[in-house]
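Q: Shown below is the structure under consideration.
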Amino acid sequence: MRTTRFTLILFSLVALVVLLTIGIVYALNRSAEPDAAEATPTTVETATARSAGPTDAATGSAWETTTRAPVLPSSSMRSTTQLDRKAMSAEELVTTAAQVMTTWDTRIDVSPTDGYRRALPLFVDEYKDIFVVPVKPALPEDWWEAAEHDATSTPQVQITDTYPQGETTVYYVVAHWTWESDDGFELKAGPTHMTFQVAQDDIGFVIENWTQGQLQ
C-alpha cells in the first residue's frame, strides 16, 4: 500500500510539472506574437488620414467654412485686370458689368456679391463699401443646386431700354445665365433686372448708380 501511494504521488508531481512547463511555453510564445487587434486600428487610421486630406478639400462646398484647397477661376471668370473702362463705350461698360456680376464659380464664390466685387473697376469708388460679401448670405435656390455640382454660370445680358437724364444715362438690362459643370449638369436661371446710371469722369464712362430689385 505504501509503495502504491508513493507511486501515485510521484505521478501527480510529474503531471503537474509537465502542465506548468506547457503553460510557460505557451505564455512566452503568445507574448512574442504581434497583437492583431491593436495593430489594425493604426493601419486603418493611417490609410484614412492619407486619403481624406485631398478628397475632403476638393469636394468642399463653397459655403462651407472648412479649409479647402485653392481652386483657380474657370475660363468663364473674367479677370478684373481686363476691365479697362477707359476703352469702353457706355453700352460696353454696362453689358460688361452685367456679365461679370452674373458670372460665378460655386467652388470659390460664397454669394452673388463675389461677382459684383469683380465688377468694381467699372463703378465709382463708393461701391467698394456697398458690394460687401455678407457673412451669412441668402442664396437663391438655383445657387444651392448648382453648388452641389461645383457649377459655374455663363450669362447672357441685353440692354432693353435707355433713359437720358441730363449728363447721365440710365440703362435697363436683363440678364439670364446657365449653370454648367463637368459632370454634365446644366440649369438655366434668371432673369434678373438691373439698372445702371452711367456718367463720365477723367478716365471715361463709369457706373455711378446701380439697382437690382430692392438692391442699390
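The values are calculated or read from the model by the stated rules, or taken from the named source; none is laboratory data. Just so you know, these numbers come straight off a predicted model, no measurement behind them. Glycine gets a Cβ as well: all are built from the backbone with ideal geometry, and neighbour counts include every protein chain shown.
Q: So which helices (runs of 4 or more DSSP H) stay within the range 83-162 end to end and still have 3 or more residues that are within 18 Å of residue 209 (Cα to Cα)?
A: Values: elements: 90-101, 113-118, 141-147.
Qualifying helices (runs of 4 or more DSSP H): 90-101, 113-118.
Q: Look at residue 107 and say whether it is basic (Lys, Arg), closer than 27 Å to residue 88 by Cα and crowded, with 16+ Cβ neighbours inside 10 Å. Before the answer, list the steps.
A: Values: basic (Lys, Arg): yes; closer than 27 Å to residue 88 by Cα: no; crowded, with 16+ Cβ neighbours inside 10 Å: yes.
For residue 107, the condition - basic (Lys, Arg), closer than 27 Å to residue 88 by Cα and crowded, with 16+ Cβ neighbours inside 10 Å - is not met.
Q: Of the conditions (1) among the hydroxyl-bearing types (Ser, Thr, Tyr); (2) touching an Asp or Glu at 6+ places or on another chain (Cβ under 6 Å); (3) more than 26 Å from residue 84 (Cβ to Cβ), residue 178 fails just one. Which one is it?
A: Of the numbered conditions (1) among the hydroxyl-bearing types (Ser, Thr, Tyr); (2) touching an Asp or Glu at 6+ places or on another chain (Cβ under 6 Å); (3) more than 26 Å from residue 84 (Cβ to Cβ), the odd one out for residue 178 is (2).
Q: Please find, within the range 140-161, the residue that is nearest to the chain's Cα centre (by Cα) out of those that are surrounded by 15 or more Cβ atoms within 10 Å (Cβ to Cβ) and either modelled with pLDDT under 95 or closer than 20 Å to residue 207 by Cα (or both).
A: This residue is 155.
Q: Right, next: Does residue 155 fit the bill of being touching a helix residue (DSSP H, G or I) at 6+ places or on another chain (Cβ under 7 Å) and closer than 12 Å to residue 104 by Cβ?
A: The answer is yes for residue 155.
Q: Out of 112, 134, which single residue is under 24 Å from the mean Cα position of the chain (by Cα), surrounded by fewer than 16 Cβ atoms within 10 Å (Cβ to Cβ) and under 26 Å from residue 197 (Cα atoms)?
A: When all the criteria are applied, what remains is 134.
Conditions (1) at pLDDT below 95; (2) under 23 Å from residue 147 (Cβ atoms); (3) surrounded by 17 or more Cβ atoms within 10 Å (Cβ to Cβ), marked per residue:
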site	(1), (2), (3)
163	no, no, no
171	no, no, yes
174	no, no, no
179	no, yes, yes
183	no, yes, no
198	no, no, yes
207	no, no, yes
